[in-house]
Structure formats: structure tokens, C-alpha cells
Amino acid sequence: MTRVRITVNGAQEAHDVEDRTLLVHYLRESARLTGTHVGCDTSNCGACTVLLDDSAVKSCTVLAVQADGHYVTTVEGLSGPFNGLSAVQEGFRQEHGLQCGYCTPGMLMACTALLNENANPSEHEIRHALEGNICRCTGYEMIVRSVQWAAENQEAQ
Amino acid sequence: MSLVGAKVLRKEDPRLLTGRATFVDDVNPTSCAFAQFVVSEHAHANILAIDVSEALRMPGVLGVWTAQDLRDFPDLPGGLPDLERPPLATGRVRWAGEPLAVVVATDRYQAADAVAAVRVEYEVLRAVTSVEEALAPDAELLFPQHGSNALLTVPMLDDLDRTMDSCDQRAKLHLVNQRCAVVPIEPMSCLADWSVDGLTLWATHQAPHHLRNKLATWLNIPQTHCRVIAPSVGGGFGAKIVFAPEFFIVPLLSKWTRRPVKFVQSRTEAMLQMTHGRDQVHDIEVGFEKSGKIRALRMVVSQNIGAYGDPTGLGLPVLTTWMAAGCYKIPKVQTAFRCVATNTTPVAAYRGAGRPEATYAVERIVDLVARRTGVDPVEVRQRNFIQPNEFPYETHNEAVIYDSGNFPEALNECVRLLDYSKWRQRQAANRNDPTKPLIGIGFSTWIEIAGFGPNGSLEGFGHLASWESTQIRVHPDGSATIFIGASPHGQGTETVVSQIASDELGISFERINVVHGDTATVLQGIGTMGSRAVPMVGSATKVASQRLLVRAKKIAAHLLEAAEEDLEVANDAFSVRGTPGKKVGWSDVAFASFQPLRLPPELQAGTLEERLFHESPNFSYPSGAYGCVVEIDRNTGKTKVVQMVLVDDCGTVINPLLAEGQVHGGVAQGIAQALYEEMRYDPASGQPITSNLVDYLVPSAPDLPNYIAGRVTTLCPNNPLGAKGIGESGAIGSPPAVVNAVCDALSDFGVEHLDMPLLPEKVWRAMNPVSEGARQ
Amino acid sequence: MIPAPFRHIRARSISEALDALVSHGENAKLLAGGHSLIPLMKLRLATPSVLVDIGDITEQSGVRREGDSLVIGALTRHVVVERSPIVLGCAPLLAHTASLVGDPQVRNRGTIGGSVAHGDSASDLPVSLLALDAEFISVSPRGLRKLSAAEFFVGFWQTALAPDEILTEIRVPIREVGWSYQKFTTRSQDWATVSVAVAGQQVTLGAMAEIPLRAKAVESSLLAGASHRDAAQHADTETNPSSDLRASADYRRHLSRVLTLAALDEAASRVSDAAAHSGKN
């Protein structure tokens, strides 16, 4: 067991976990933030995407111990001026970028990272930025529209 | 302003967008233990021994159980008589991935370690994975007592040979509608808490009441002590209607360990254990005139049902044969089917459940007719369509009477949106330019059977009945809760039901809350499947709202001292037509409804509650016309969809944003089946070789196109909404449009048919049939 | 889904990491970005009992120019290689190749050293590094070693690195040449079915054998004056592609020729673009 300290959504977490604990399980079970989801076991689906020190990573492929001393932002850490929602979250709501919602937290984090790096991405850039996130419900076009909405409405943020 | 027909944003979204929705694995009761299954390594084997001794000694392990421990319990409900599936493999395993033991440990990591320590000794048997292999004379039988791997056969009454011979031409195809894995992003999971007060089972399921009823019987407890909760469900697509063994076993584990027990499937386990979809082979033949007019159609369907007959899976070829003639007026139609067992994961419903298969077969053969006659594929369809004035239309099967449709208009609209002649010109221009990709154009005009259904229809699949329930309760402040028996998993049913109720009741959208999925609070329901939510629970809610409003108006009239007929309701208030200022709020009416001293004499307290079990006289029949344009790289065979036009007729559209979302999602799965996905087995060993998302090719955003949605509307005559449902349409109509487009592009190479998935190598080989090892 | 138990040791320097590798022997594996190793461990295809984590050793991360060499620390993440102005200037082939590894999340974590040390011949970076004549610098208790790319990749999932040896740096000679990296996949996020890299006169192939290969027959054909089209026909000479779920050997052979032609054409167009630009200046 190792004491792993991670700042999650601005709050300091400290928990004793097995060395093999995946970051996604640390977040869900130790930090009790169940917004981040597990959808596969081969690092393909991206439902577990979080920001680790501002970069989008698949938290199922990072050990909690690797994140010791670092910052993590999960979907619970997103907020903004749209009734408390960030532009990306509101974009998904406006453009129906989610249906069952299970892949959505990972999608939101990947899209947030994209817009942080590229404030006005083309459709091609959006689709390629989401290459590592699988959705079974939307067919992706409405997710693209959601990101475009967020890009257009970001200045309010 | 009417909400029905308007683009209304979803009530479901705020919780899902903020990570506050509750999926099964998000529920974490104290002292929760974790279950993990030991699964068969072999596709077909006798189990000689299961050694759990090492696993039992591992830290945190509370127990390991096998079929021996379940010997007092029956097989899982709903299979074929004498061929039912045991909850854990008993004596014999019939597919690689079949659960045969279960470990419970105090945390999920320990459970995984203990599973790895269980040793199983097998006597390996020969395995069969395809219908052909399973029916070969020397094939190993999955159920020796049955004498054959064909578990169910319904033959044809007349092979129509003479009719076909009397036509100008005949044409036939052998089609493979390949096995697909359903892949909802949330795998199966459940959490059972069996305490002294009874059992609560959280389950990711599409039909919680159905599960509760069967589970209580199986466990031999009263239904009142058995509560099933389907919380937020991360996609279902039909695979979560199934009675997966974990739903039956995990409650027992909770009872035996005296603590809550949770099971969460990994993706690899889901690929092997969640039921698969499709896996039908068709032999379809038509007799037709040189005008393209089809006079006879016969179709033989072979359904690979996997290792055990699932109640839904066994019904798939029934639906396929029912819909064999599609949108066309074909005087003579004959069908036959058989369900064949193989050493593979059992097959059940997957978005469309039998109808994508039918549509694929008939749309491919219609394109072949076009090719053989030289008549344009659009024109051939127009010449064969059932006409708009020919509804209700009795098909070759007495159970199937199409309710309404306008196929000619849908196809015309599709052709217009596609800009068909422009693409034909581009196709011709590209054909002779080797630096340009090949272009192919394909259509699919389709009709499907939905809105399950008339009385008796779902009973045939083992359900209690075919109605759907709604219960509206108005609270003392005039807000309302609607409890629905539907069990959505992404469809936005809470939003749609609120729109309908708000329009009828005049209670504002924000003051309506919709509850579903909990058998303790929701009246007996049937569930969400078969594109039935809008037609069934939507209609139920509309009618129930109207009935409740009658009594609300009586109260309002009493309070206002006005005539009921003069009352209007909107924006949470009742007003009197022609007398502005004379108004009473819904909140006052609702409050009064609980106060006997303020009620009209004919009403009692608590009157503003209405329940309805809505029955439908018929299925509904959504239809549409889809058009697809592909570009094929001449050098690699890689196919790209560059245009996808989707004209849908779902009758009344309650929420165009949500309806379009359903079509996009279904089409994405359809394109994925056409170009990427296939669940494959090694024929020699029966081992699945596409058991994770590296090898099973679910596409992501760069792999799929944008969609152009259009609409034609013919109302459904069989429900008060006029709505047909749209949930499965995209998955039904799109695969043949894509395949027709690719075959259109490849027609220059003499290719008449190519089976899905149209992976690059397959297309390249079709273009280069003699290129094995050859250069240039 | 859940790895077998192991002990995690954080090494604060390369020498600490070496000590740990030596003392734990065959039971220990290095952990950098983890995006080659952790997926294997989750499927229990790899079960080291000790992970020596070198992920925080910042001295081994970063890009710099040293004379006529581009020097990349082995722990440099793919996203850094992809976007670094130094890499874009000195070896644009490498930046472009790094941009195609995995998906954005993988590129944010995976390291060039980790990817290369894994030895997967369908991996992107080894193919381009071979075309660029990269050198691989490693340390072990026996001292420093410098290996050419050809010496580094030895077999199926195997490099020349000893179990107690750590890759620290990759050095790429800076040459102003035409370049291209062509990768064929079915889905966008897939591993390469076949890939081809061109850097100047060098042409290399991925997923056409157990290791990335120089397409020597193509190179000599070009030197003898053959057209791109004719030279590309030799792409699969002396290769040994496998038949698997992704593709048959025949199709891979065909793809190698198609991609080689596309790579040669693209590399040449970059040369003429560069010439046109310098002409303008």
C-alpha cells in the first residue's frame, strides 16, 4: 500500500491504495467521484478520460501512484456561466451531444482539452481530437456540433 | 405554444453532464463485496473438475460457488423446453466465455486475483461456430438429446418454383448478415442487497419489471419482497432485455454472504457474455419481369442462435420472415426459417432485432433485379412500391398489416436531397480517371415493424403483456410526477413524456418530473424495446392526461363558479374563455383536490391521479428511404461514406432533435456493420478472436460521416399521437444503402454481391480477383 | 482489467533505476508513460512483480539541438515530439509520425522511449526513426552504449536492450531532405496495417516483418534511376508480412507498394516545395 496524494478538482485527496490501483478506480472509489466511467479494458473507449495536469489522459491506463503529487480534473470539476455549466457542457445540452450519457464525462473532458488548446477547431480537427473516445449512441455528428457551439460561445466564459 | 413537435432540450442532461447521474457501479453501499465470474476457456467441453481450493485461501475471498451450489434452482427462464440455459455451466460448457463459477471477495481487485486462481479441468470437444458447420452430418451436437443442432425449424409451404419459372427472369442471392457485438459503453452490471426486508437488485436493464417478476419466481420469493431498480442505464440496444445469469446469481451471493454484492463486467467479458446480434444467413430468390416488377419472393432464413436459445433470440427470424417483402407489392411471398445452435455466445435482440436482416435481404435482391433488368434502382423500387392509397396493407403474413406510408414520396425526397443525378455524373467522370476514387450510389427503401405491440405480440417473446403503463400524480402544489413503465436508456423519454403531458395538462414542462425503472414506485411496466416508447408510453400519457384533466376542470370550474366547457388551461392556470381575469392556478386546483370541503360533490380527495395501461390494436410501421454515396480508393479498397441521406417517416415527431439523434445513432451502427464490425470465431477451436475493442472495430468520430436528415410524414392510425417510433430505424435502413453503394461502385468489375463487413482488403480483392502474389 | 499485484518503486534518477533493475532482476520492468506496458498488465499478459517508475526523471525528457543532431530524451512524450518547434525544424518526419501515434490521450502520456523499447513492428516511431538513421543511447551497469536503429530492433517484441539497460536518448542526424510517413489503417485509431517512411534516400517499412525494415530493393532501384512507380514495386522484396485478423500477407505486400509510391511522391513534392520557397528567398 502506498499513500497517494492527488489534487482532484482543486481539493487535496490522500488515500492509501495498492500500487496497482488504476487512477480511474482511485477517483471513483477512494475520492468517491463516480462521474468518470469505465467502458473497456484495452484503452480504446475513452470513457475514463480526465485531465492530468491539464492534459487529457485515459485514467484506466494511468496508475494512481503515477499521479501522486499531480492535479486531476474530472467532469465534476467542470463549471461555467451557463447555469453552472461550462461552455462545453452547455454545448452538449444545446446540440444533443449525449443520449445515454455513459461516454459523456470522458467526451466532455476530451472536448474541454481540445478547446483549451485550439479555440476554433475545424470539423476535421474535432473528429480527430475525439478519435480515442467511442460513443455508441449519437453517431458523433451531434457531438461535433456540441463542440462547435462551445467554441462559438466560449467568450462568455 | 405546443411542445409536441418542438425542439425541447432534455431533462435528463443536467445530471449526465455533471457526472451526477447514478449508474449501477456508482452505487456503493457499505460492506459491499464484489463478484467475478470464472468463464470457460473452451468453446465446447465437458467439465471434469473445478478446483477452487487455492482461490478460497486468497485474501478477502468470501466464497467460490459453482453449478453444484445452484442445483436446487431452475434453469434460466424462457428458453426452449428441455434446452434451457443453466445459470452456471453444468457439466458441459457450450461456448468460450460461458460462466462456470463465481468468486466473491471484499474488493474487486481481490476478486480478479481469485478468479485467476481457479483451476478447471476440461475434456475438450469439437466445436461448431457457423450454421453450415453445425448442420454438417458429423457435427458435434450441443444438445445430444435433441438429435440435431437445428433446434427449431419452420418450413416453407410452397417453394414458388412454378411461379418463378413463369416470370421473365429469376435471381437469387446467398447473403450473410454477420454476427455483431452490441457494445453498449456500459457493460452488464448489477448490485444485489438481500437484507431481512427483502431483495433490492440494481441492474442495468431495459425491462426492470419483467426481470423482477421472473427473478422473484426463480428465487421463490414474493414479488413484494423483490425490488429491481434500473437507474441510469448506459445504452442497451436490446442486449439488456436478456435474463443474464448474473442477475439471478448475484442476489443469491448477497443472501449467502449477508452483504451487498456487486458485479461489474469487463469489456472482454461483455464481448463474450452479452448476447450478440444478427448472425443470419439468407437464401433469397425472386421471380420478376423485365420491367423490374417482382412477382414472387422466397426467403430461407438460418438463424445462428448461439449456444442456448434466448427467448428474444428465437423470435428474431420470425420478425425477419414477417418483413421479408419490405415496401413492395409482391403477389407471392414464401418464407422459412430455422434456428441453429452453435458453440458461440447466444444471440438476442440488437437494434432492429430481425428487421435489419429482412431489409438487408430484400434491398439487396431489389438492387440485383435492377442490375439484371438494366432498370435504374430508384425506378425498380418505384415500380414495386405499395402505393400510399393501399393502406392498411395486408402482407403475406396475417400478423403483419402495414398501417400507413408513402414510399414514393420518401424515395423522391431522398433522391432530391442526395442530388442523385449529380452523383451519377460524378460517378461517370471518375470511372475513367484512375487518379480519382470509384464512386458508388446505393438506396434502401425500408419499412419496419415497431411500437411493440398488439396484445399477444410481446407475450410471444415471454413478456407479461404488450401494453405500457403510465401513472400521473398531481401534487398539492400543482406540479406532477409521471411514473412510466417504459425504461429508457438514452432515448430521452422523460423529456418526450413531459412534452406530451405538458401540452395536455397545461402544467409547465419544468414542473413535470418523470420517474421510471424502479419496481417499488412504478406500476407494472413492460420496458423499452422494439421502438415502443413514444407510441406506447407516449400515447398512454396523452390519454391519461386527458382523463385527469377532465376532473381537474371540474374542480377548477367549481372554484371559479364557471362552466367546465368554458375552461382553458395553459401555463399552469385555468382561465375562462371570454372572461379575462377569471383564473385559477393549477396549484390552487391541485391543493383543493385534497380538500373534501372544497371539492364538487361528485369528486373525492386524491382524484388527480390517473393510471392507464395503454393497449395498441396493431404494431406501428415506420418507414423511410436512405441514400448513400461512397468513394472507394482504387489502390487500397478503403471505402468512405461521403454522403448519407436519411428520409424517415415516423409519423408524428414529438421532439425533432431527439428523433434525429436516434436516427444518427442507428445509422452509425448500420454503417459500422456495413464497413467495420464482425464478431469472428476461429473455426478450428471455436475461440472468439474479436473479443475486445482493439479487434472488434467499433468506429470513432473520424470514421463516420455527417448525416442529412429529411422527413416524410404519414400518421400512424393506431395511436392517439399518430406516432410510429424511430429508435431502430437508422440501424435497419442503413446497412443495405451502404452495401448497395459499394456493389454499385464495383459493378464495373462484374461484382454482383459482396458480404459485410466491406473491409478494405475484401473490396480490394473484389477489384483484383487474380492478384494473389502477382505484381502490377 | 485488473493487473496482478506488484510493487511500485519511484526512481529519482537513472542510476537509481538501474540499481532497482539489477536488484530485482527478471521480475522488474521499467514504467515510463505506461501506455505500452499497462494495457498488457491489465490483461495479465505481463506480470512483473516490480515496476521501476522512471516517469518523473525530467533530465531524460526534452528536446534539444546539439550541433547537427536532434537529441530527444527517451522520456519525452509523443505530444511534445509532435509539437516541438525544434523537432518540426530538424526532423519534421518525426513530428508528423508522433502526431499519428494512438489517439490524443495516448500521445499525452506515452513516451518515445517507451514506445520504441516495446519492440512492436506495427508501431509508428520505429519506422521513421529507422528511416532517419537514428541512434539509440542507453545505459547499464556496464556503461553507455550507442546502437544504430538497425542494431536496436532485433525481433518480434524484442529490442537489443538488456533487462538491466535503460534507453536514455535518441539522436537523429539533422538532414534537410524530402520526407513522408504513410500509415494505412481500417479505423482511424487502429495500429498500422502497414506503414512506410521516407527520409531522403531511405525508405523503411512497418508491419512487414517482425522488425521495421529498410526497403533496400526500393532504395537501390531509385539510386539506379527508376521512377517512383517502378521502384515502389519492389517494396515487399525480402519482407515477411504476417496474415492476421487485420490483413493477409498478400494484401500487406500490396499495401507496401501502394504506400511506398505515395510516400516517395509526397517526399519529392516536399523537396520541390522547399526548393520553390528557397528560390523565392
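Laboratory data are not the source of any read-out in this text; all were calculated from the coordinates shown. Being a predicted model, the structure only gives us computed values, none of them experimental. Cβ placement follows ideal geometry from the backbone for every residue including glycine, while neighbour counts extend to all protein chains displayed.
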Item to check | Calculated [θ] (222 nm, deg cm²/dmol) that DSSP helices of n ≥ 4 give over chain B, each run adding -39,500 (n - 2.57) | outcome: -8500 deg cm²/dmol
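Provide the convex hull volume over Cα atoms per residue for region C:179-280, in Å³.
Details: hull volume 9.7 nm³, N = 102.
Here the figure is 95 Å³ per residue.
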Checklist entry - Under 25 Å from the Cα of B:LYS172, which lysines turn up, not counting those fewer than eight places away in the same chain? => result B:LYS290, B:LYS293, B:LYS329, B:LYS332, B:LYS762
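Let me know the whole percent of all Cα-Cα pairs from region C:58-173 that are separated by more than 26 Å. If you can, show how the numbers build up before the last one.
Values: 681 of 6670 pairs.
Counting pairs separated by more than 26 Å, the tail of P(r) holds 10 percent.
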Next on the checklist: Take B:ALA6 and C:ARG229, extend 7 Å from each Cα along the Cα→Cβ direction, and tell me the distance between the two endpoints in nm.
Outcome noted: 6.4 nm
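Kirkwood Rh, Cα Rg: Rg to Rh for the protein assembly as shown?
Working: Rg = 31.2 Å, Rh = 32.0 Å.
Ratio of gyration radius to Kirkwood radius: 0.98.
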Next on the checklist: Can you give me the C-alpha center-to-center distance between region A:98-136 and region B:469-528, rounded to a whole angstrom?
Outcome noted: 32 Å
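Any number yet on Rg/Rh for region C:7-53, C-alpha, Kirkwood? Walk me through the numbers on the way to the answer.
Working: Rg = 10.4 Å, Rh = 10.7 Å.
Radius of gyration relative to Kirkwood radius: 0.97.
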Checklist entry - Cβ under 12 Å from B:ASP113's Cβ, B:ASP113 left aside: what net charge do those residues give with Lys, Arg +1 and Asp, Glu -1? => result +1
Next on the checklist: 5 Å is the cut-off here: which amide hydrogens, built 1.01 Å from N in the peptide plane, fall below it relative to B:TYR402, excluding neighbours closer than 5 in sequence?
Outcome noted: B:TYR393, B:THR395
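What length, rounded to one decimal in nm, is gained on full extension from B:ARG416 through to B:ASN571, with 0.36 nm per residue of separation minus their alpha-carbon distance?
Numbers: separation 155, 0.36 × 155 = 55.80 nm, distance 4.11 nm.
My answer for the length gained is 51.7 nm.
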Next on the checklist: Multiplying the sequence separation of B:ASP283 and B:GLN68 by 0.36 nm and subtracting their Cα-Cα distance, what value in nm do you get?
Outcome noted: 73.1 nm
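Around B:ARG227, with a cut-off of 13 angstrom between Cβ atoms, what is the net charge of the other residues, counting Lys and Arg +1 and Asp and Glu -1?
Numbers: positive: B:ARG212; negative: B:ASP193, B:ASP197, B:ASP518.
That sum, taken over residues with Cβ under 13 Å, equals -2.
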Item to check | Neighbourhood charge, 12 Å Cβ-Cβ cut-off, centred on C:ARG175 and excluding it, Lys, Arg +1 and Asp, Glu -1 | outcome: -3
Checklist entry - Can you pull the three principal axis extents for the Cα set of region A:36-124, in Å, largest first? => result 37, 28, 26
Item to check | Taking N as its residue count, the alpha carbon Rg of chain B over 2.2 N^0.38 Å | outcome: 1.00
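Using Cα pairs closer than 8 Å and at least 6 residues apart in sequence, work out the relative contact order for region C:7-53, in percent. It would help to have the intermediate numbers written out before the result.
Numbers: 47 pairs, mean separation 27.0, N = 47.
Across region C:7-53, relative contact order equals 57 percent.
For A:88-95, what's the mean count of beta carbons from other chains sitting within 10 Å of each residue's beta carbon?
Working: counts 1, 5, 3, 1, 3, 7, 4, 3.
For peptide A:88-95, the averaged partner shielding equals 3.
To the nearest 0.05, how large is the calculated FRET efficiency for B:ASN397 and B:ARG57 if R₀ is 56 Å and r is the Cβ-Cβ distance? Spell out each step's value before the answer.
Numbers: r = 60 Å, r/R0 = 1.06.
For B:ASN397 and B:ARG57, the calculated efficiency is 0.40.
What's the extension gain from B:VAL550 to B:LYS172 if we count 0.36 nm per residue and subtract their Cα-Cα distance? List each step's numbers first, then the result.
On the way: separation 378, 0.36 × 378 = 136.08 nm, distance 5.87 nm.
Computed gain between B:VAL550 and B:LYS172 is 130.2 nm.
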Next on the checklist: Could you tell me the calculated FRET efficiency between A:ARG3 and B:ASP159, based on Cβ-Cβ distance and R0 = 51 angstrom, to the nearest 0.05?
Outcome noted: 0.10
Checklist entry - Relative to a virtual label point 7 Å from the Cα of C:ALA268 in the Cα→beta-carbon direction, which members of region C:216-255 show backbone nitrogen distances below 16 Å? => result C:218-235
Next on the checklist: Cross-link candidates for B:LYS240: which lysines have Cα within less than 21 Å, leaving aside residues fewer than 8 places away along the same chain?
Outcome noted: B:LYS214, B:LYS262
Next on the checklist: Which one, C:SER13, C:HIS35, C:PRO48, projects farthest toward the positive side of the charge dipole computed for region C:7-53 from Cβ point charges (K/R +1, D/E -1)?
Outcome noted: C:HIS35
Checklist outcome for this item: Under the 7 Å Cα-to-Cβ spin-label approximation, B:GLU121 and C:LEU40 lie apart by a distance in nanometres of 3.4 nm
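Just checking the output field for A:53-61: average partner chain Cβ neighbours within 10 Å of each residue's Cβ?
6
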Checklist entry - In percent, what relative contact order does chain C have, based on Cα pairs under 8 Å that are 6 or more apart in sequence? => result 15 percent
Item to check | Among B:29-39, B:616-626, the order from most to least packed when residues are scored by Cβ within 10 Å on average | outcome: B:616-626, B:29-39
Item to check | Residue-wise HN-Hα coupling along region A:144-153, computed from phi with Karplus coefficients 6.51, -1.76, 1.60 (Hz; x: Gly, Pro) | outcome: 4, 4, 4, 5, 5, 4, 4, 4, 6, 10
Checklist entry - What relative contact order, as a whole-number percentage, does chain A give when Cα pairs under 8 Å and 6 or more residues apart are counted? => result 24 percent
Checklist entry - So how far, in whole Å, is the C-alpha centre of region B:332-397 from the one of region B:80-149? => result 34 Å
Next on the checklist: Which residue fluctuates most in the GNM of chain A (Cα springs below 10 Å): A:ALA87, A:ALA11, A:ALA31?
Outcome noted: A:ALA11
Next on the checklist: Straight-line reach from B:LYS7: which aspartates and glutamates fall under 20 Å, measuring Cα to Cα and dropping same-chain residues less than 8 apart?
Outcome noted: A:GLU90, A:GLU95, A:GLU141, B:GLU494, B:ASP503, B:GLU504, B:GLU510, B:ASP648, B:ASP649, B:GLU660
Checklist entry - Between region C:255-278 and region B:709-776, how many Å separate their Cα centres? => result 36 Å
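Given a Förster distance of 56 Å, report the FRET efficiency between B:SER195 and B:ASN706 from their Cβ-Cβ distance, rounded to the nearest 0.05. Walk me through the intermediate numbers first.
Values: r = 51 Å, r/R0 = 0.92.
Working from the Cβ atoms, E equals 0.65.
Where both partners of a DSSP beta bridge lie in region A:1-120, what percent of those bridges are antiparallel, to the nearest 5? Provide the component values of the computation, followed by the final result.
Working: 16 of 18 bridges.
The answer is about 90 percent antiparallel.
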Checklist outcome for this item: Bridge orientation stat for the protein assembly as shown from DSSP, antiparallel percent rounded to 5, came to 80 percent
Checklist entry - How many nm separate the modelled label positions at C:VAL154 and A:ALA119, each set 7 Å beyond the Cα in the direction of the Cβ? => result 5.3 nm
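Considering every residue in C:92-104, what mean count of other chain Cβ atoms within 10 Å of its Cβ is obtained?
Working: counts 0, 0, 0, 0, 0, 0, 0, 1, 0, 0, 5, 15, 15.
Taking all residues of C:92-104 together, the mean is 3.
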Checklist entry - For region B:579-595, in order, what is each residue's ³J(HN,Hα) by Karplus, 6.51 cos²θ - 1.76 cosθ + 1.60 with θ = phi - 60°, in whole Hz (x at glycine and Pro)? => result 10, x, x, 8, 8, 9, x, 4, 5, 5, 4, 5, 4, 4, 5, 9, 10
Next on the checklist: Show me the three semi-axes of the equivalent ellipsoid for region A:6-63, from the C-alpha gyration tensor (sqrt of 5 times each eigenvalue), largest first, rounded to whole Å.
Outcome noted: 17, 13, 10
Next on the checklist: What's the whole-number percent of alpha carbon pairs in region A:90-157 lying beyond 16 angstrom?
Outcome noted: 36 percent
Checklist outcome for this item: Amide H contacts under 5 Å for B:VAL128, restricted to residues at least 5 apart in sequence or on another chain and with H modeled in the peptide plane, are B:ASN343
